[in-house]
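What follows draws every value from the coordinates through simple rules; no lab data is involved. It should be emphasised that the depicted structure is a prediction, and the values quoted were computed from it without experimental measurement. Don't worry about glycine lacking a Cβ; one is built from the backbone with ideal geometry, like all the others, and counts go over all protein chains shown.
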Amino acid sequence: MTHDHDLVLRPTEAQISAALNPPPGRNGGDLVVETLAALGATTVFGLPGQHALGMFDALRRSDLRYIGLRVENNAGFAADAYGRITGEAAPLLLSTGPGALTSLAALQEAAAASAPVLAISSQIPTAGLGGGRHGYLHELPDQSASFRGVVKSVHTVRTQSQIPSAIEAAWKSALTAPHGPVWVEIPQDVLLAETQVPVVTGGDAFPEELPPRPELTAVAADLLSRAERPAIIAGGGVVRADASGKLRQLAEALQAPVVTTPGGKGAFPWRHPLSLRSWIEDRHTTDFLEDADVLLVVGSGLGELSSNYHTFKPRGRMIQIEADLGKLESNHPALGIHADARLALQALLETVSPREDTQAPDRVREVLARVSERIAAQELTLEQDLLASVRQALPAGSPSFWDMTILAYWAWSAFDAKGSNLFHSAQGAGGLGYGFPAALGAAVADPSHPVLAVSGDGGALYSIAELATARQYDLNVTWLIVDDGGYGILREYMTDAFGQATATELSRPDYVALAESFGVPGVRTTPETLSDDLAKALASPGPSVVVLPAVLRMFAPTHL
């Protein structure tokens, strides 16, 4: 009797020949790039450093495409976006100590947004591992400890023979639901030494699936089928699982209104009769969701933003589908189903009984009308017009990447993404500097569409060096910089809280002249000409910058 786990794949003649006759001059770095190629990687991001030179020298002998950014954190943001767009694990090559640590904020965003990033860093020589104080350049007592609370898994390599297996294990970890960043570190001497390990010719690139428990989906299907006022909250897990089609089928079968979180934008069609859109940061929407007798939450932990700052208090029965076990029932008691959103939604589709509810679209229209009236009463025409101009200029099918800036906070609620996996922001971890380098990573992933980045002037200064990267690789990214002379949202928060703002005003450059100094076309626009100027920039190949001097305001919160 033969079991599946007894089967061993026989090597091909080509694999045997490559193993017996490895090319000369290979080192540990070659094992890194060979393993990545064997797993299916085609592109790597990063920044070289002294301890990591073995990896970067090996790139020269490989077919991998290298995209080098100017700051490690920005390289991490670019890899994050590449992973989100392609669904592949995005390799990020880094050096020891300061280089590695500079990537932490980007890896935190990747973790919060479930973006698959495979960070591979060098380490001090093997003799220095273990916490002793040897005085090596870039030495940390325990470099991996700096990352263990941020990434999904940490893999420390000590010999060359460990490299292929460690990278393969990290790859699977990054792509097992929930997706996320992982960390591999390899000592400098291991990367540099000539290797006798055969050429890596194969790898198991298939992550483990996370199906739902059938007894739980049976109960969930029964609750939803018998519900009188079902509703659905769709989070980023729906987008990451590529499950928007199944979400729509289930919502239509149940006649259940759907609201998407900021991370789940685009998971449900904006103008669908059952779409509550993304106005989750609104009391009218919160009231509606609290009134549901059965609430299905898919791919969201109902954190601060997605719960209207923890003011959401559901009165009905909640079902929560979540791939991150730590988020399951972390904020509200529920029928918790630990599963990938796509597999769980498919299980529900196969077991629910369709509902008839002709009143559901009317209830949705009523909520949206109340939201619209609330916003209209605040005289925020400029902000709404600007979002409309951006939407008009951005071609359908083009992704957009939004930094932490007032226009982005508007977009979380009020922007039509026109499709799943097309709207991305830094709201997961909330760090500045995400928009532009992430857009560069998306342009590398899919050069067939222009990509839009949106930043404030404060966030723009975090990533201004990447104009050089955009120009060097001729990436098709248009960068909209809303210049209000400071950290606009902090200015607003502090003025509201203390009567005046401190440390929010910034001296800033002439962004148009600065862009042109990098060889990137720049234009200064106005609210009236934004749509035309942005459309023209997006239609022109290569990078471009559009600067909009404007002071924007946020709509009034409803959670206070």
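Values computed for the structure shown
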item: Segment 444-560 - share of DSSP beta bridges that are antiparallel (%, nearest 5); result: 5
item: Percent of Cα pairs exceeding the 36 Å cut-off, where the set is the chain; result: 39
item: Segment 198-261, relative contact order in percent, only Cα pairs under 8 angstrom and at least six apart counted; result: 36
item: Förster radius 60 Å - calculated FRET efficiency between E290 and R508 (Cβ-Cβ, nearest 0.05); result: 0.85
item: Share of Cα-Cα pairs in segment 46-95 lying beyond 17 Å, as whole percent; result: 35
item: Highest average packing first - 400-409, 52-61, 421-430, 195-204, Cβ atoms within 10 Å; result: 400-409, 421-430, 52-61, 195-204
item: Mean separation of Cα contacts under 8 Å, 6 or more apart, over the residue count of segment 143-205: relative contact order %; result: 38
item: Cα extents of segment 424-560 along the three principal axes, largest first (Å); result: 46, 30, 27
item: Binned Cα-Cα distance frequencies in segment 316-360 - 5 Å width, integer %; result: 5, 20, 21, 21, 17, 11, 4, 1
item: Kirkwood hydrodynamic radius over Cα pairs of segment 265-305, then Stokes diffusion coefficient at 37 °C and 0.692 mPa s, in µm²/s; result: 285
item: Percent of Cα pairs exceeding the 24 Å cut-off, where the set is segment 293-427; result: 49
item: For segment 228-356, size of Cβ-based charge dipole, Lys and Arg +1, Asp and Glu -1, in debye; result: 220
item: In degrees, nearest ten, helix 104-113 long axis to first principal axis of the chain (Cα); result: 50
item: Kirkwood-based shape ratio for segment 169-267, expressed as Rg/Rh from alpha carbons; result: 1.21
item: Positive-end residue of G519, T42, H138, charge dipole of the chain with Cβ unit charges; result: T42
item: Cα-Cα over 22 Å, subset of K265/K327; K152/K327; K418/K536; K313/K418; K152/K313; result: K313/K418; K152/K313
item: DSSP-defined antiparallel bridges as percent of all bridges, the chain, nearest 5; result: 5
item: When segment 1-150 is reduced to its Cα atoms, the Kirkwood hydrodynamic radius in Å; result: 17.0
item: Per-selection Kirkwood Rh - segment 408-476 (Cα, Å, 1 d.p.); result: 12.9
item: Counted charge near T351, where neighbours are those whose Cβ lies closer than 14 Å (Asp, Glu -1; Lys, Arg +1); result: +1
item: Charge context of S531, other residues only, Cβ under 12 angstrom, K/R +1, D/E -1; result: -2
item: At 1.002 mPa s and 20 °C, Stokes D of segment 210-294 from Kirkwood alpha-carbon radius, µm² per second; result: 161
item: Within the chain, helix-based [θ] at 222 nm, where runs of 4 or more DSSP H residues each add -39,500 (n - 2.57), nearest 500; result: -11000 deg cm²/dmol
item: Alpha-carbon spread of segment 360-518, three principal axes, descending order, Å; result: 52, 43, 26
item: Geometric extent, Cα atoms of segment 499-550 - Rg, Dmax (angstrom); result: 13.8, 46
item: Directionally averaged shadow of segment 149-200, computed from the convex hull of its alpha-carbon atoms, nm²; result: 3.9
item: Charge dipole (debye, nearest 20) of the chain; +1 at Cβ of Lys and Arg, -1 at Cβ of Asp and Glu; result: 120
item: Segment 124-175 - charge dipole about Cα centre, Lys and Arg +1 at Cβ, Asp and Glu -1, debye rounded to 20; result: 100
